[in-house]
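**Q** Structure incoming, see below.
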Amino acid sequence: MDLLLQVVKHLYMVDSESRKFWIYAYLLVLLAVIICNQETTTEIPEEVNNEWLLPLDTGNRRAWSSVIFESDAHFKALRPTWRHRGVRLHTGLDLQNGGHRGTLGGPGEKIYAAATGVVIKISGTLPNKRIVIEHKLADGRTVWSSYLHIAEPQVREGERVTAQTIIARRLNYAELRRYGWAYNHLHFEILKKLPVPRNNHYTWMSQFCYNSGQVDKYFYDPVTFLKERWAEPVGGE
């Protein structure tokens, strides 16, 4: 505010010819500041040490054996379509905490970012609230991780996170009793293409993948993706 008052005072004191010059000069400075701020806020940080971890604290966030999967929770499992018009393929994983026989987690447990990145979208309402994080890989590729059926987000859009950042929690017992126990999991996806909820196209990608080719076009298998970054064999545990 003080700087603005000084500018106004200066323009008032100079003659009319000089005033035009100084108005253009101040506008150019303002434009340069706006451009610089845009460039710094849109930069996505590089991934640190390629660290990718499970989004739940299972006791070992580098082991798929610490996670519980229901029969239809796997990648590409058959699922009913919206309004049950046929079947589609599951585009992610439905995760439950299996650490120490489930004693570490459960309804209401903390959810972590899977890797370093920037939160680009928080959307929806319970029980379908979602967080999407953008990640830059070491080879220059960009991928996105999505966390669905979450509550009480602990981050904001535009915030930088790491694999140690708590971003939300799973639905708790009271919420599950209200919305149904079918939401007793974290739906976790890793996307090849920008989810772009800005034009409402993301719902189509998740809900309308009817064959393996459509799923592979937009999504990575999270099990394979994380195992490759853990330097583990892609086969079974």
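**Q** Can you tell me the FRET efficiency between Phe208 and Arg178 if r is taken as the Cβ-Cβ distance and R0 is 41 Å, rounded to the nearest 0.05?
**A** Calculated value: 0.90.
**Q** Any of Lys110/Lys192; Lys192/Lys227; Lys110/Lys227; Lys76/Lys193 with alpha carbons more than 20 Å apart? Name them for me. Kindly include the intermediate steps, with their values, before the conclusion.
**A** Numbers: Lys110/Lys192 26 Å; Lys192/Lys227 17 Å; Lys110/Lys227 22 Å; Lys76/Lys193 17 Å.
The pairs that break the limit, which is 20 Å between Cα atoms, are Lys110/Lys192; Lys110/Lys227.
**Q** With a 10 Å Cβ neighbour count serving as the proxy for reagent exposure, in which order, fewest first, do Ser66, Ser212, Ser123, Ser145 appear?
**A** Numbers: Ser66 20, Ser212 10, Ser123 14, Ser145 25.
So the residues, fewest neighbours to most, are Ser212, Ser123, Ser66, Ser145.
**Q** Which residues does the label zone of Ile166 cover in segment 88-131, counting backbone N under 14 Å from a point 7 Å along Cα→Cβ?
**A** Backbone N within reach: 105-106, 108-113.
**Q** Related question: Label point 7 Å out from Leu194 along Cα-to-Cβ: which residues of segment 134-153 have amide N under 15 Å?
**A** 134-136, 141-145
**Q** Starting from 0 in steps of 5 Å, tell me what percent of the Cα-Cα pairs of segment 64-229 lands in each bin.
**A** Result, from short to long distances: 2, 8, 17, 23, 23, 17, 8, 2, 0 percent.
**Q** To continue, here is another question. Please arrange Ile133, Ile120 by counting, for each residue, the other beta carbons lying within 10 Å of its beta carbon, fewest first.
**A** Ile120, Ile133
Here, each number is a calculation from the coordinates, and none is a lab measurement. No experiment lies behind these values; they were computed from the predicted model shown. Ideal geometry is used to build each Cβ from the backbone, glycine not excepted, and the neighbour counts take in all protein chains shown.
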